[in-house]
Amino acid sequence: MATTYSISDLAREFDLTTRAMRFYEDMGLLQPERGPGGRNRVYSGRDRTRLKLTLRAKRLGLSLSEAKEIIDMYESPRDTGAQLQKFLLVLGQHRKQLEAQMTDLQANLDELKTHQREARLLLARLEGKSKP
């Protein structure tokens, strides 16, 4: 018998809210079955793996739609080479975006350091003038 999980099991395991879990379901990332009476969600091992991959993709900075596209590709019987090429393309695009952000952050940090240095010099001059 396959292991199943409740929404609260997975939410607790991955430190998520049940609302986030339902959102991932609405996005098509998770596809739980319904328990008796259709009220309770019953998640499979497949759902657990997809959730784990979704959260990994989020940590990499990918959008949920990019995560879904990549995860769905690995579940289809299509050409693995094409899937890997798509994955590399998405990762490459995201890397460029992160590198651009890093460049901007470094420029901001450099400017901040310059202003700090200038403020310290001005303060030292002011303190030097106030001494008898």
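Read-outs throughout are calculated quantities, based only on the coordinates presented, and are distinct from any laboratory measurement. Computed from a predicted model, the values in this text were never measured in an experiment. Using ideal geometry, Cβ is built from the backbone for each residue, glycine included, and neighbour counts are taken over all protein chains shown.
Just how many pairs of Lys in the chain have C-alpha atoms closer than 17 Å, counting pairs that are eight or more places apart or on different chains?
The result is 5.
³J(HN,Hα) across the stretch 34-44 via Karplus (A = 6.51, B = -1.76, C = 1.60, θ = phi - 60°), whole Hz, x for Gly/Pro?
9, x, x, x, x, 8, 8, 7, 10, 8, 9
Measure nothing but the geometry: give the 0 to 90° angle between the long axis through the Cα atoms of 64-75 and the longest principal axis through the Cα atoms of the chain, rounded to 10°.
40 degrees
Mind pulling the angle between the C-alpha long axis of helix 80-129 and the longest principal axis of the chain? Nearest 10 degrees, somewhere in 0 to 90.
The two axes meet at around 20 degrees.
Loop by DSSP (not H, G, I, E, B), at most 11 other beta-carbon atoms within 10 Å: where is the longest site-free stretch of the chain for trypsin sites (Lys or Arg not before Pro)?
Excluding the exposed sites themselves, the longest stretch runs over 79-132.
Across bins of 10 angstrom width beginning at 0, how are the C-alpha pair distances of the stretch 30-132 distributed, in whole percent?
12, 24, 19, 14, 11, 9, 7, 3, 0
What are the residues whose amide H is under 5 Å from the amide H of residue 40, where those residues sit 5 or more places off or on another chain and H is modelled from the backbone?
Counting only residues 5 or more places away or on other chains, the set is 35.
Where the eigenvalues come from the Cα gyration tensor of the stretch 77-132, what are the semi-axes √(5λ) of the equivalent ellipsoid, largest first, in whole Å?
Here the semi-axes work out to 54, 6, 4 Å.
Please report the spacing between the Cα centers of the stretch 1-27 and the stretch 54-132 in Å, no decimals.
Taking the Cα centre of each part, the stretch 1-27 and the stretch 54-132 sit 29 Å apart.
Relative to the compact-globule scaling 2.2 N^0.38 Å, provide the ratio for the alpha-carbon radius of gyration of the stretch 1-61.
Numbers: Rg = 11.2 Å, N = 61, 2.2 N^0.38 = 10.5 Å.
Dividing the Cα Rg of the stretch 1-61 by 2.2 N^0.38 Å gives 1.07.
Calculate for the chain the 222 nm mean residue ellipticity that helices alone would give, adding -39,500 (n - 2.57) per DSSP H run of length 4 or more and normalising by residue count, nearest 500 deg cm²/dmol.
Roughly -24000 deg cm²/dmol at 222 nm, from the helical runs in the chain.
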